[in-house]
Amino acid sequence: MTYTTQQLIDILEQEMRATWRGERILLSSNNQIINPVVAKAIDMQKVNKVFAYQDFRRQIHEYQREHQVSGIIWRVCKFGDKSIRFPELHNQLIAVPGDKEILMSAKESVLSFWHEMTHQMNYWLVIHRRRQITPDSLEELIQQAEWAEIDAAQTELYLGLCWGNPQEYQYQWAKPNSGCHRIIAAINEPSTIKV
């Protein structure tokens with residue numbers, strides 16, 4: 001029997017709790033830190049926990065690859081009286097072949113929800129700071145994106161227009177091959193929430 005995505009998530013959560021309770025250690029963590037000054041300056045017990053969990057998670061990723069267990073979970077985003085269910089890559093799992101296509105297949109429904117809920121709102125592109133953009137500029141970004149993700153606060157809706165590798169798109173170093181444009185929709189000015 002192959003473990004499911006949810007079972008792997010549960011196993012990772014159990015392992016993380018056990019690691020932080022000190023029930024798991026990695027005896028070779030001193031070898032993981034190359035700089036001896038840094039190795040002496042940090043709490044090696046905490047480092048042991050981090051490396052023990054990373055080693056375990058790496059084994060889970062190998063299991064995913066070997067058995068083609070998806071890293072996709074389904075999230076629900078509610079805004080006002082409406083909601084949408086859409087896929088996203090779980091932050092502790094990897095994408096296997098076919099996962100990116102699942103993300104891409106939900107793009108139109110995410111965008112349909114976004115347009116329905118934000119048609120009376122203003123848009124801001126978040127780069128290093130917020131910059132207001134026009135609906136036409138937003139449409140250009142939408143055309144460039146491979147998949148979309150969405151999140152909500154009480155009065156604002158957040159859209160991620162993503163491309164590239166689902167494992168790397170959230171990191172600045174991955175650009176331009178992978179990335180995500182973050183858009184805020186708000187009636188007036190967006191809040192100071194970091195997106």
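For the reader, a short list of remarks on this structure follows.
- Glu13 meets the stated requirement of being at pLDDT below 95, surrounded by fewer than 14 Cβ atoms within 10 Å (Cβ to Cβ), out of contact with any Pro (no Cβ under 7 Å at 6 or more places or on another chain) and outside the structural domain of Met121 (by TED's automatic domain parsing).
- Failed criterion for Ile184 (all others in (1) within 22 Å of Ile94 (Cβ to Cβ); (2) surrounded by 20 or more Cβ atoms within 10 Å (Cβ to Cβ) hold): (1)
Matching residues to (1) outside the structural domain of Trp124 (by TED's automatic domain parsing); (2) modelled with pLDDT of 95 or more:
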site	(1), (2)
Thr155	no, no
Leu159	no, yes
Trp163	no, yes
Ile193	yes, no
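The values are calculated or read from the model by the stated rules, or taken from the named source; none is laboratory data. None of the values given here were measured: they were computed from a predicted structure. We place every Cβ from the backbone using ideal geometry, glycine too, and count neighbours over all the protein chains shown.
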